[in-house]
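The values are calculated or read from the model by the stated rules, or taken from the named source; none is laboratory data. Bear in mind that the values here come from a model prediction, so they are computed numbers and not experimental data. FYI the Cβ positions are ideal-geometry reconstructions off the backbone, even for glycines, and counts take in every protein chain you see.
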Amino acid sequence: MMLYRKIPKINNELSILGFGCMRLPLLKGGILDEKRAIAQIRHAIDNGVNYIDTAWPYHGGKSEPLVGKALEDGYREKTYIATKLPSWMVKNREHMDFFLEEQLRLLRTEQIDFYLIHNLAGPMWKSLKEMGVLDFMDNARQTGKIKYAGFSFHGRVDDFKTIVDEYSWEFCQIQYNFLDEFHQAGREGLEYAAEKKLGVIIMEPLRGGNLGMLEPPPEVDKIWKKAAQQRTPVEWALRWVWNHPQVSVVLSGMNEEAHIEENLNIAGNVLPNSLTQEELDLVKQVANTYKRL
């Protein structure tokens, strides 16, 4: 059974596992395998996932329309869609409206539940403000085209705090895993956002899959095998992120059926603050070993 958490400013319960649509299955030649991807997304929803994350540039612009197709036949009513304004492509205030209208069309919906300003850092935020992004977000919320406002972030923690403080966001999205505890927004940003009552969506919990290798380096494998409770590297990495009570949703770019099943199983029994101190120390040993290697 999927577990759920609430975002402080939002009443809705979100599945702790979100389906990231940036790394969907491909056919030969790098073509998106639409039939398989749709089946995977629907299977995840059937098993409790209710947060589907996409963006304008994913799969060369093919991800949003695929998500729109996947959420037909009654699936839209079971899910929350998250997509993003491609901030680096925006030229002016009108351009923001253009992207949003196109995304509504591609996603076959009248409202985007979770709308993010994509890939913010300090200079980009300053530029977007000068172009009127605050007015854009206000207007999009007032007209009902988006429900909740957020941003994704890959910059310095001081810029992250500034952005958190300069708009009435409901949520944010940051990269966070046991190697990136003090990188970018990091733990400091996670705790700061939570103090400000923002929901926190986590991306890259496995560092692009690298922390979930079935055969990790021998030195890392030796540490994992010391654990009283044996787990796969994927489970250790995901559990470490979900152990933080400030985390709302963890995104996984799932594209193999076996990976989806494993993630669903893990997401059915992970509670905040459930790792023991010994287990946390073990993860820290693994992190230090990876950094040394």
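Is there any pair linking a residue in segment 276-292 that is over 14 Å from residue 233 (Cα atoms) to one that is exposed (fewer than 11 other Cβ atoms within 10 Å of the Cβ) and of a type in the set (Gly, Ala, Ser), with Cβ under 9 Å and at least six apart or on different chains, and which?
Within 9 Å, the pairs are 276/228; 278/228.
Please go through segment 205-223 and give me each residue that is in a loop (DSSP other than H, G, I, E, B), under 27 Å from residue 81 (Cβ atoms) and in contact with a Leu (Cβ under 8 Å, 6 or more places away or on another chain), ordered by number.
205, 206, 207, listed by residue number.
Of all residues in segment 224-250, count the ones that are assigned to a loop (DSSP other than H, G, I, E, B) and more than 26 Å from residue 7 (Cβ to Cβ).
Residues that pass the stated criteria total 8.
Identify all residues within segment 51-78 that are within 20 Å of residue 147 (Cβ to Cβ) and in contact with an Asp or Glu (Cβ under 8 Å, 6 or more places away or on another chain); write none if there are none.
Within segment 51-78, 54, 55, 56 meet the criteria.
Give me the strands (runs of 3 or more DSSP E) completely within segment 76-153, filtered to those with at least 1 residues that are under 22 Å from the mean Cα position of the chain (by Cα) and small (Gly, Ala, Ser), ordered by residue number.
In segment 76-153, 80-85, 146-153 are the strands (runs of 3 or more DSSP E) which contain 1 or more residues that are under 22 Å from the mean Cα position of the chain (by Cα) and small (Gly, Ala, Ser).
Can you pull out the residues in segment 10-47 that are in a loop (DSSP other than H, G, I, E, B) and either among the acidic types (Asp, Glu) or under 18 Å from residue 252 (Cβ atoms) (or both)?
16, 21, 22, 23, 24, 25, 33, 47
If only one of 31, 41 is surrounded by 18 or more Cβ atoms within 10 Å (Cβ to Cβ) and among the β-branched types (Val, Ile, Thr), which one is it?
So the residue among 31, 41 that is surrounded by 18 or more Cβ atoms within 10 Å (Cβ to Cβ) and among the β-branched types (Val, Ile, Thr) is 41.
Taking the options 253, 268, name whichever one is at pLDDT below 95, closer than 25 Å to residue 6 by Cα and not polar (S, T, N, Q).
Only one candidate passes the filter, namely 253.
Regarding segment 205-223, can at least one residue be identified that is out of contact with any helix residue (DSSP H, G or I) (no Cβ under 9 Å at 6 or more places or on another chain), crowded, with 16+ Cβ neighbours inside 10 Å, under 23 Å from residue 113 (Cβ atoms) and in contact (Cβ under 8 Å) with a residue 12 or more places away in the chain?
No, that holds for no residue.
So in segment 38-88, with the set limited to residues that are among the aliphatic types (A, V, I, L, M) and touching a residue at least 60 places away in the same chain (Cβ under 8 Å), which one is nearest to residue 102 (Cα to Cα)?
Among them, the one singled out is 55.
Give just the number: which of (1) among the small types (Gly, Ala, Ser); (2) within 21 Å of the chain's Cα centre (by Cα); (3) over 18 Å from residue 159 (Cβ atoms) does residue 227 not satisfy?
(2)
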